[in-house]
Each structure stands twice: as C-alpha cells, then as structure tokens.
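> Below you'll find the structure I mean.
The values are calculated or read from the model by the stated rules, or taken from the named source; none is laboratory data. All values derive from a computational prediction rather than experimental measurement. Cβ placement follows ideal geometry from the backbone for every residue including glycine, while neighbour counts extend to all protein chains displayed. All accessible areas refer to the heavy atoms of the entire protein, side chains included, with ligands and DNA or RNA removed. Shrake-Rupley method; radii C 1.70, N 1.55, O 1.52, S 1.80 Å.
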Amino acid sequence: MEKRDQLYEGKAKKVFATDDPEVVLVSYKDDATAFNGQKKGTILGKGAINNRVTNHLMRLLEHHGVPTHLVRELSERETLVRRVSIVPLEVIVRNVAAGSLSKRLGLAEGTPMQKTVLEFCYKDDALGDPMVNEYHIAAMRWATEAELDTICRYSLKVNQVLGDYLKDLNIQLIDFKLEFGRTADGTVILADEISPDTCRFWDTVTREKLDKDRFRRDLGGVEDAYQEIMKRLMGE
Ligand code: 5GP
C-alpha cells in the first residue's frame, strides 16, 4: 500500500491518503498537548507506544465483537485504518470520579460510582469541546438515534472488555474517551486511539497514575508511565 498526500494533521497524529480510497495511514507523533492546546510538549517515544497500545487493544476489542477501523500495523508509528467520516462527538466513559467530573461535581478523585457514566462532548476545538446530551445530538443531527444507540452499546462493551483485561494487569480503568466513525456504507465503527493519552490508568495497588495526567499536571515520570503501560500490556 502506497503512502500518498497528507490529508490532515492533528495534535497527536497525521493522516495520509493511500492508493486505496477506503484506507488511510495514521502516523503517531510524540507531540503532547493539554487544556485544549494551551500546554504543549513532547513525550519521547509516545507515538510508537500509542500506536502499538491502540492496535493491541483494538485487536482485543475486535475479538470481542466491537468493530474497529484497524486494518494493519505498518511500522513502529504507522498503521493503516479504514477511512471513516468521524462522528463529531467524544464519548467519555467513567467508572470512578476523576478529572473534569470531579471538578464539576466537587467529588474527590477516586470516588467510586454506583453506575458507569457516559458523557458526550461536541468535537470543536474553538468551543473547547462542550458537553452535550442526546437531545443536542438529535437536534444538531450529529448522529441518528440508531447510531447513538450503537455508539452507547459499543462504548459500554469497550468498558467491560478493557476493564476486565486491564484488571488482570493491575491497572484500574478510571475513565476514557472514544471516537466513532462511519464507513462509506454508513456502518458505525470505533476509530481514533485508545492509549495513555485518552484513558486514565491507575495502578490497582499503588494508585499511581500511569497516563497523560502525569504530563497535564507536571507530575514527572511521564515517559516511564507510558513505557510501563506498554510493558504490562505487551510484555516489553
Ligand atoms: P476529563 O473530562 O476528566 O478531562 O477526561 C475524561 C477522560 O477522557 C480522560 O481519560 C481523558 O484522557 C479523556 N479525554 C477527554 N477529552 C479528551 C481530549 O480532548 N483528548 C484526549 N486525549 N483525551 C480526552
């Protein structure tokens, strides 16, 4: 498969066309941003780790019946994925209070919750990805009711599969963000990435943070945390 023109450059990834119109090439960068691009930096080796961790977890999800955009890993940083049009929503799944939920509701980080919480944000950097609900989504036609049902079902399945898998590796899945896309025939599949950039991973025993919060909050040991996640998931 031949790499062609760059289609898009995001904060953490570049996307290139290929000679197959249904397939694009994603290249993961070491660039890190936080707080809607206000904080910028580099996390050495992050691109390679996020590429491999995402693909590892997407393969696991496919095995459990969640369709994803993954086609084939090409190299350390590059992967072929199915071309989709992204549903303009970030789906956030929360098992334990942390981050913006803790702030909004005045809950100590780490407070357990009686039920998994799903949130939606409208993907718009200029607006700071505002939180929206299913009424906004229907009113603005960001997704049909049937698509949103599928998205919620897949999101909860992802939570169950990843939560069970990570527990055995002494990692608690606190929360994470997913994005979905539509293929040419309108099928909804999981897209984007699943990595320490997009999930909160806490060590089950020490409660140590093993994710991008180390960068966001200047906790130090950022690269080590990403390495540790890769080691626990992939044994290296
Ligand atoms: P919070 O809303 O607490 O900031 O984030 C909840 C979860 O979703 C965290 O695991 C966080 O990493 C992820 N998340 C939410 N929004 C974004 C985003 O714009 N970019 C990335 N990389 N992750 C996000």
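> If a residue has to be open to solvent by less than 10 Å² (accessible area, probe 1.4 Å) and outside any loop (DSSP other than H, G, I, E, B) to count, how many in region 39-69 make the cut?
12
> Could you identify the single residue in Ala32, Ala12, Ala97 that is surrounded by 15 or more Cβ atoms within 10 Å (Cβ to Cβ), over 16 Å from the mean Cα position of the chain (by Cα) and within 13 Å of the ligand (Cβ to nearest atom)?
Ala97
> Next question, about the same structure. For Lys177, indicate whether it is open to solvent by 70 Å² or more (accessible area, probe 1.4 Å), of a type in the set (Lys, Arg) and touching a residue at least 40 places away in the same chain (Cβ under 8 Å).
no
> While we're looking at this one, here's another question. Which members of region 209-236 meet the condition of being under 13 Å from Ser195 (Cα atoms) and part of a loop (DSSP other than H, G, I, E, B)?
Correct list: Leu210, Asp211, Lys212.
> Search region 212-235 for residues being aliphatic (A, V, I, L, M) and open to solvent by 10 Å² or more (accessible area, probe 1.4 Å), and hand back the single one that is farthest from Ala143 (Cα to Cα).
Leu219
> Inside region 184-205, can you point out the residues that are of a type in the set (S, T, N, Q) and over 21 Å from Lys14 (Cβ atoms)?
Residues satisfying the conditions are Thr187, Thr204.
> Let me ask another. Against the condition within 15 Å of the ligand (Cβ to nearest atom), open to solvent by less than 40 Å² (accessible area, probe 1.4 Å), at pLDDT 95 or above and β-branched (Val, Ile, Thr), how does Ile137 come out, does it pass?
Spelling it out, it is not the case that Ile137 is within 15 Å of the ligand (Cβ to nearest atom), open to solvent by less than 40 Å² (accessible area, probe 1.4 Å), at pLDDT 95 or above and β-branched (Val, Ile, Thr).
> Within region 195-211, does at least one residue satisfy the condition of being among the hydroxyl-bearing types (Ser, Thr, Tyr), open to solvent by 10 Å² or more (accessible area, probe 1.4 Å) and under 30 Å from Ala143 (Cα atoms)?
If we filter region 195-211 for residues that are among the hydroxyl-bearing types (Ser, Thr, Tyr), which is where we start, we get 195, 198, 204, 206.
Subsequent filtering for residues that are open to solvent by 10 Å² or more (accessible area, probe 1.4 Å) retains 198, 204, 206.
Then drop every residue that is not under 30 Å from Ala143 (Cα atoms), which leaves 198.
Scanning region 195-211, I find at least one residue that is among the hydroxyl-bearing types (Ser, Thr, Tyr), open to solvent by 10 Å² or more (accessible area, probe 1.4 Å) and under 30 Å from Ala143 (Cα atoms), so the answer is yes.
> Continuing with the same structure: How many of the residues in region 114-134 are free of Cβ contacts under 8 Å to residues at least 12 places away in the same chain and away from the ligand (no atom under 16 Å from the Cβ)?
2
> Among the candidates Thr144, Thr111, Thr150, single out the residue that is more than 16 Å from the ligand (Cβ to nearest atom), of a type in the set (Ser, Thr, Tyr) and open to solvent by less than 60 Å² (accessible area, probe 1.4 Å).
Result of the check over Thr144, Thr111, Thr150: Thr150.
> Just one of the numbered conditions (1) open to solvent by 70 Å² or more (accessible area, probe 1.4 Å); (2) away from the ligand (no atom under 16 Å from the Cβ); (3) over 25 Å from Met234 (Cβ atoms); (4) part of a loop (DSSP other than H, G, I, E, B) is not true of Leu7; which one?
Tallying (1) open to solvent by 70 Å² or more (accessible area, probe 1.4 Å); (2) away from the ligand (no atom under 16 Å from the Cβ); (3) over 25 Å from Met234 (Cβ atoms); (4) part of a loop (DSSP other than H, G, I, E, B), Leu7 fails exactly one: (4).
> Next up: For residues in region 166-208 being part of a loop (DSSP other than H, G, I, E, B) and touching a Ser or Thr at 6+ places or on another chain (Cβ under 7 Å), which is farthest from the ligand (Cβ to nearest atom)?
Only one residue fits best here, namely Asn170.
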